[in-house]
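Take a look at the structure set out below.
The values are calculated or read from the model by the stated rules, or taken from the named source; none is laboratory data. The structure presented is a predicted model; accordingly, all values stated were derived computationally and were not measured. With ideal geometry, Cβ positions are generated from the backbone for all residues, glycine too; neighbour counts draw on all protein chains shown.
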Amino acid sequence: MKYLDIENWKRKKHFEFFKKFEYPHFNICTNIDITNTFRYSQKNKMSLFRTVLYSVMKCCNEMEEFRYRIKDDKIIIHDVVNPGVASIAEEDVYTNFIIPYKPSLLEFLTEYEKAAEQAKGEIVVGEKQKGKDDLIFISSLPWVSFTSVTNPMRSGYEDTTPRIIYGKQFKQNGKIMMPFSVQVNHCLMDGIHVSKYFYKLTEVLSNPEKYFN
């Protein structure tokens, strides 16, 4: 972990501008081609949710802006961010658990199994996330192919944890598509950064043999 030099940051004016907003957050939704990752997951008998989650987190960790967090009016740059996942624990009730991120797919899937096993029988709603800001909040809506979505956010500019949601895949022009929502704090990044994130995620999901092995 280190601190960003705000005084010499090219976005200093933007940071100072948006920190005055009560709700300085924005959201972008788009559909991404997951055809090759879908086929890879089926071929290797892997969970599509988990392979997509790995891809999502790989891209978050490779983009510095997704590792920025505001604390005491300073900007922290985390070395690694980890997924804080919302998952169904019992009928219509979800629980939260945290998975240590690993850059290798197989290592990440092992960590997922451990975290999911430890979370069994527990209903956790944010308790283990309290005080931790090295997270990306992840949710899945496998029941619906949404076109827009919003997340609950705390008012004020210090809520800087990105929220990512992905939904039910669907077929379009011979491809398998999946809706993605990315919600972030405008103090720390702009639309161009989220667009670059989507380009990076598309690259990974389109080339699983290259990035998953």
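Some points to look at:
- Region 114-139, residues that are at pLDDT below 95 and assigned to a loop (DSSP other than H, G, I, E, B): LYS120, GLY121, GLU122, ILE123, VAL124, VAL125, GLY126, LYS130, GLY131, LYS132, ASP133
- Complete set of residues in region 17-43 that are more than 19 Å from ASN151 (Cα to Cα) and among the aliphatic types (A, V, I, L, M): ILE32, ILE34
- Residues in region 69-86 that are out of contact with any helix residue (DSSP H, G or I) (no Cβ under 8 Å at 6 or more places or on another chain) and over 25 Å from ALA119 (Cα atoms): 6 in all.
- Output for region 86-107, where each listed residue is within 15 Å of ILE165 (Cα to Cα), touching a residue at least 24 places away in the same chain (Cβ under 8 Å) and among the aliphatic types (A, V, I, L, M): ALA86
- One residue stands out in region 140-159 among those that are among the hydroxyl-bearing types (Ser, Thr, Tyr) and in a loop (DSSP other than H, G, I, E, B): the one that is surrounded by the most Cβ atoms within 10 Å (Cβ to Cβ), namely TYR157.
- Residue match in region 181-197 (condition: surrounded by 16 or more Cβ atoms within 10 Å (Cβ to Cβ), of a type outside the set (Phe, Trp, Tyr) and more than 25 Å from ILE70 (Cβ to Cβ)): no
- Close pairs from region 44-69: first among the hydrophobic types (A, V, I, L, M, F, W, C), partner at pLDDT below 95 and not in a helix (DSSP H, G or I), Cβ under 6 Å, at least 6 apart: PHE49/SER140
Residue-by-condition table, conditions (1) polar (S, T, N, Q); (2) in contact with a His (Cβ under 9 Å, 6 or more places away or on another chain); (3) part of a helix (DSSP H, G or I):
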position: PRO103; (1), (2), (3): no, no, no
position: GLU107; (1), (2), (3): no, no, yes
position: TYR112; (1), (2), (3): no, no, yes
position: MET178; (1), (2), (3): no, no, no
position: SER181; (1), (2), (3): yes, no, no
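- Residue list for region 1-38, restricted to those being assigned to a helix (DSSP H, G or I) and touching a residue at least 24 places away in the same chain (Cβ under 8 Å): ILE6, HIS14, PHE15, PHE18, THR35, ASN36, THR37, PHE38
- Taking region 183-213 as the range and being among the aliphatic types (A, V, I, L, M), in a helix (DSSP H, G or I) and under 24 Å from ILE98 (Cβ atoms) as the test, the residues that pass are VAL194, LEU201, VAL204, LEU205.
- The one condition from (1) touching a helix residue (DSSP H, G or I) at 6+ places or on another chain (Cβ under 8 Å); (2) within 27 Å of LYS130 (Cα to Cα); (3) not aliphatic (A, V, I, L, M) that PHE212 does not meet is (2).
- Across region 1-34, the number of residues qualifying as buried (at least 18 other Cβ atoms within 10 Å of the Cβ) and β-branched (Val, Ile, Thr) comes to 2.
- Only residues that are over 17 Å from the mean Cα position of the chain (by Cα) and closer than 28 Å to ASP79 by Cβ were counted in region 123-162, giving 10.
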